[in-house]
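A.B. asks: Attaching a single structure in structure tokens format; questions to follow.
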Amino acid sequence: MDPVLAAARPSFDAAEVIDIARRTFDVDASGSRDLGSERDQTFLLVDREGEPLAVMKVSNAAEDPATLDMEALGVLHASRVDPTLPLAIPRLVPGASPGSNDPEARRASYRAPDGHHHVRMYSVLPGRGRIEAIVLSDAALIAWGEMAARVGRALRGFFHPAAQRTMLWDIQHAPRTRQLLGAIRDPGQRELVDRVLDRFESTVAPVWPSLRAQVVHTDLTTDNALTDDAGFISGIVDFGDMSHSALVTDLASVLDSLLIGRTGDELFRSARLILDGYQRVTPLEPLELRLMGELLATRAAVTIAISSWRSERGLEDPTFAERYNAPVARAIETLLSVGWEAAARRFGAEGEPHRITDLVRRREAVVGPAMESLTYDEPIHVVSASGVWMTAADGRRYLDAYNNVPCVGHGHPRVAEAIARQGRRVNTNMRYLHESAIELAERLVATMPAASGLDTVLFVNSGSEANDVAWRLATTVTGNGGALCTAFAYHGVTDATAALSPESWQASRPPEHVETWAPPDRLRGTDLDAAPFDGALERLAARGLAPAAAILDSVLTSDGFLDPGPALAGEWLERTHAAGGLWIADEVQGGHGRTGEMWSFQRLGITPDLVTLGKPMANGHPVGAVVTRREIAARFADETVFFSTFGGNPVSAAAALAVLDVLDDERVLPRVAQTGEALGQAIRSVAAGDPRVLDVRGIGLAIGVEVTDGATARATKEGLRQRGVLIGTCGRDGNVLKIRPPLAFTTAEVPVFTSALQETLIRAAAGDRA
């Protein structure tokens, strides 16, 4: 260990202290008060009136001068990085050049009978020392965590060779304290320390090299900080245990110190507040958070071991040295009583996945029958995902060929970091100015076809809300109340949009103001002209209704990926306008590049009056928008004031901007076109000659495979799931395989998909679903 821990602290009396101050720093003191220290002597020097002059620290004779120089340079570095930190900075010796960065100019030498001591002088900082941690308020606990993070951040770029030291207070060296166990007089405490060291060696030590590391304070405790009357840190006074270690070593010392006297639920509640404060400055990585219980327990064990050993050796007064042993032992007992995994969850870490059967039971109990049922006969409990791969709780990976919400791929770092970064900075609403929503609106408008007039954006939180607002715009501008949608469309969950979603009508009566039309079925040669659309208009008129809007998902996903083609789509649009209605292009499923073009309506060669965005807009973050012409928005504004509390908030806008950036930087649109073509051809090749496969159709990464019936579609979906591929089904009869992966899907995944499909079809033909 560092020899300074094994050496006796200096023992200068009051007269000697005053003499040392005068000889080394020309401080003319009339009195002094020993402030207490583990291995040094620290004194408050006062004048004749008892007013503070300075704080003098006389170092242990075993102290390495290089360590003292590291302390001085570290504090100077931190103060330059964050000048508002209340750091105790050693004064320059008399005669040193003002502003000198020479660390030797921050210490003086003093020879005494017991050896050579180094003397440092500090200005007096406000506050009082050794506060009782139990009295700290919640706000103070948060502030202590924040201060710990600020100190770590301020030292981030600092290094000194002396930082490579074996200082036992640094918990990375905790296993070395086993040699001190014999000094722990209380057998219960000795057993606790032994158990904690076992846990450290088995769980923490193997992953320690992967933790973020730098030069850290390692001992930010109530002994080494001054506080104001409210318990907030007003001065950090001791960097004597600095070393190169894991960043979270600082947090372990803060928790160990501040949780003294807190047990049970109160220990975890207080710890979470400290961690909240820390993460206001420096977010913790998942592994750091998961190990927090072990780190706290290890620091507590080190406290017991070192203090007991120094007490036994006569290096400190036993009462002073061991004053924290009993309360930190109770903290260890609290952690052990709940178990390490449960403790990790209570500190905020992700816990071990729950059993699927338990989750299904709990879901049914609280979610109820109205929620759509789980997708698979054997539910999948997804715990993580990246790109186009999803990982279940049992460790199995699945190729995601279904979820269009994570547009640019699950967990895309650009989007995730944009959300986290903006969330830490500020999140407000559009009653305040912020660049991100304005830039997002400008960039969305720029993606619309030239001369379309689509120049105005309204932000909401989802595709359903976007379609709801579009419907409100249409009814306000036209004065009409009728609606048109395709025969099995889906456009949302609000009252207005559910009325436009025949897919969800089930056995309920169709809304009076809505009529549907059948899109063309080219496989069967039906509904190939505008007659179904004209019929829908006529049925509305027969009820005295003119259309406010026709709404279309241009990929016709829910209808089974049917393709009207530009000519027929153009006729629909013309008839809508002639009847007094507006055209809503629902891009929630087909937009943001799914077809190989930015917007799916572009392939139909039409110019909508309103464009609605949702799901993929921010890669799963809840965002939605309506893009329309200014005259439509102005007419709406004459009737009402539009505002959405979360619509266009800075975090959502940051996520949506990141998606647009990724679409550009990764050249996603041309990749989608290429991959979609390859995937479609590969599916056709695999399905060729199979009588159950009737058609393969779609565009880009929106592909439908029509099979003979719904039972075959469900069996195929289950078979693909057994082989690690996820899809959905759609169409009025549920007989269309819905292949709609994240746009991170590439040609590399095509053979994975088709191999699973081929094996599924072969097994099914043999009468074996699996």
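A.B. asks: Sort out which residues of segment 154-173 are farther than 24 Å from residue 307 by Cα, open to solvent by 20 Å² or more (accessible area, probe 1.4 Å) and outside any helix (DSSP H, G or I), and write them in order of number.
C.D. replies: 156, 157, 158, 159, 160
A.B. asks: Something else: Identify, from the list 417, 442, 435, the residue that is closer than 30 Å to residue 606 by Cβ and open to solvent by 30 Å² or more (accessible area, probe 1.4 Å).
C.D. replies: 442
A.B. asks: Considering segment 1-29 alone, what residues qualify as being modelled with pLDDT under 95 and polar (S, T, N, Q)?
C.D. replies: Listed by number, the list holds a single entry, 11.
A.B. asks: Any chance you could count how many residues in segment 732-770 are in contact (Cβ under 8 Å) with a residue 60 or more places away in the chain and in a helix (DSSP H, G or I)?
C.D. replies: Of the residues in that region, 11 qualify.
A.B. asks: Going by the conditions given, is residue 487 touching a residue at least 60 places away in the same chain (Cβ under 8 Å), under 12 Å from residue 612 (Cβ atoms) and touching a strand residue (DSSP E or B) at 6+ places or on another chain (Cβ under 9 Å)?
C.D. replies: Here the answer is no, as residue 487 does not meet what is asked.
A.B. asks: Taking the condition more than 23 Å from residue 141 (Cβ to Cβ) and either open to solvent by 30 Å² or more (accessible area, probe 1.4 Å) or over 21 Å from the mean Cα position of the chain (by Cα) (or both), does residue 322 pass?
C.D. replies: Here the answer is yes, as residue 322 does meet what is asked.
A.B. asks: Still on this structure: Could you identify the single residue in 565, 560, 481 that is more than 24 Å from residue 402 (Cα to Cα), open to solvent by less than 20 Å² (accessible area, probe 1.4 Å) and under 44 Å from the mean Cα position of the chain (by Cα)?
C.D. replies: When all the criteria are applied, what remains is 565.
A.B. asks: Go over the candidates 358, 394 one by one and state the one that is open to solvent by less than 80 Å² (accessible area, probe 1.4 Å), farther than 20 Å from residue 744 by Cα and acidic (Asp, Glu).
C.D. replies: 358
Conditions (1) more than 15 Å from residue 457 (Cβ to Cβ); (2) surrounded by 24 or more Cβ atoms within 10 Å (Cβ to Cβ); (3) touching a Cys at 6+ places or on another chain (Cβ under 6 Å), marked per residue:
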site: 657; (1), (2), (3): no, no, no
site: 661; (1), (2), (3): yes, no, no
site: 679; (1), (2), (3): yes, yes, no
site: 682; (1), (2), (3): yes, no, no
site: 685; (1), (2), (3): yes, no, no
site: 689; (1), (2), (3): yes, no, no
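A.B. asks: Does residue 476 satisfy the criteria of being touching a Lys or Arg at 6+ places or on another chain (Cβ under 8 Å), open to solvent by 30 Å² or more (accessible area, probe 1.4 Å) and in contact (Cβ under 8 Å) with a residue 12 or more places away in the chain?
C.D. replies: Yes, satisfied.
A.B. asks: Of all strands (runs of 3 or more DSSP E) completely enclosed by segment 481-556, which ones contain at least 1 residues that are of a type in the set (Gly, Ala, Ser)?
C.D. replies: 482-486, 547-552
A.B. asks: Additional query: Specify the residue that is farthest from the chain's Cα centre (by Cα); the eligible residues are those in segment 140-153 that are crowded, with 20+ Cβ neighbours inside 10 Å and under 14 Å from residue 246 (Cα atoms).
C.D. replies: 151
A.B. asks: Scan segment 61-83 for residues that are more than 26 Å from residue 111 (Cα to Cα) and assigned to a loop (DSSP other than H, G, I, E, B) and jot them down.
C.D. replies: The answer is 82, 83.
A.B. asks: Could you figure out which of (1) closer than 12 Å to residue 601 by Cβ; (2) in contact (Cβ under 8 Å) with a residue 60 or more places away in the chain; (3) open to solvent by less than 10 Å² (accessible area, probe 1.4 Å) isn't true of residue 583?
C.D. replies: Answer for residue 583: the failing condition is (2).
A.B. asks: I've got another one for you. Among the residues of segment 344-372 satisfying the criterion of being assigned to a loop (DSSP other than H, G, I, E, B) and either in contact (Cβ under 8 Å) with a residue 60 or more places away in the chain or within 19 Å of the chain's Cα centre (by Cα) (or both), which is nearest to residue 264 (Cα to Cα)?
C.D. replies: Checking each candidate, the answer is 348.
A.B. asks: While we're looking at this one, here's another question. Considering 626, 641, 696, 662, which residue is over 24 Å from residue 455 (Cα atoms) and of a type outside the set (D, E, K, R)?
C.D. replies: Being over 24 Å from residue 455 (Cα atoms) and of a type outside the set (D, E, K, R) holds for just one of 626, 641, 696, 662, which is 696.
A.B. asks: Regarding residue 328, is this residue more than 17 Å from the chain's Cα centre (by Cα), at pLDDT 95 or above, among the aliphatic types (A, V, I, L, M) and open to solvent by 40 Å² or more (accessible area, probe 1.4 Å)?
C.D. replies: no
A.B. asks: Just for strands (runs of 3 or more DSSP E) wholly inside segment 602-707: which have at least 3 residues that are at pLDDT 95 or above and under 25 Å from residue 475 (Cα atoms)?
C.D. replies: Filter on segment 602-707 gives 610-613, 624-628.
A.B. asks: Pick from segment 1-58 the residues that are farther than 30 Å from residue 311 by Cβ, in a loop (DSSP other than H, G, I, E, B) and aliphatic (A, V, I, L, M): which of them is farthest from the chain's Cα centre (by Cα)?
C.D. replies: Restricting to residues being farther than 30 Å from residue 311 by Cβ, in a loop (DSSP other than H, G, I, E, B) and aliphatic (A, V, I, L, M), the top hit is 29.
A.B. asks: Here is a follow-up. In this structure, does residue 235 turn out to be touching a Pro at 6+ places or on another chain (Cβ under 6 Å) and at pLDDT 95 or above?
C.D. replies: Judged against the criteria, residue 235 is a match.
A.B. asks: Report, by residue number, each residue of segment 431-452 that is in a loop (DSSP other than H, G, I, E, B) and hydrophobic (A, V, I, L, M, F, W, C).
C.D. replies: Residues satisfying the conditions are 433, 448, 450, 451.
A.B. asks: From the list 107, 33, which one is crowded, with 18+ Cβ neighbours inside 10 Å, touching a strand residue (DSSP E or B) at 6+ places or on another chain (Cβ under 6 Å) and among the basic types (Lys, Arg)?
C.D. replies: Just a single option satisfies the conditions, and that option is 107.
A.B. asks: Taking segment 708-725, which residues are touching a Leu at 6+ places or on another chain (Cβ under 7 Å) and not in a helix (DSSP H, G or I)?
C.D. replies: 708, 724, 725
A.B. asks: Where residues in segment 601-639 are charged (D, E, K, R) and more than 20 Å from residue 403 (Cβ to Cβ), which of them is surrounded by the fewest Cβ atoms within 10 Å (Cβ to Cβ)?
C.D. replies: Restricting to residues being charged (D, E, K, R) and more than 20 Å from residue 403 (Cβ to Cβ), the top hit is 638.
A.B. asks: Go through the residues of segment 84-92 one by one and say whether even a single one is outside any helix (DSSP H, G or I), touching a residue at least 60 places away in the same chain (Cβ under 8 Å) and among the β-branched types (Val, Ile, Thr).
C.D. replies: There is no residue in segment 84-92 that is outside any helix (DSSP H, G or I), touching a residue at least 60 places away in the same chain (Cβ under 8 Å) and among the β-branched types (Val, Ile, Thr).
The values are calculated or read from the model by the stated rules, or taken from the named source; none is laboratory data. These figures come from a predicted structure and were not determined experimentally. Reconstructed Cβ throughout: ideal geometry from the backbone, glycine too, with neighbour counts over all protein chains shown. Note: accessible area is taken over every heavy atom of the protein model, side chains too, but ligands, DNA and RNA are not part of it. Shrake-Rupley method; radii C 1.70, N 1.55, O 1.52, S 1.80 Å.
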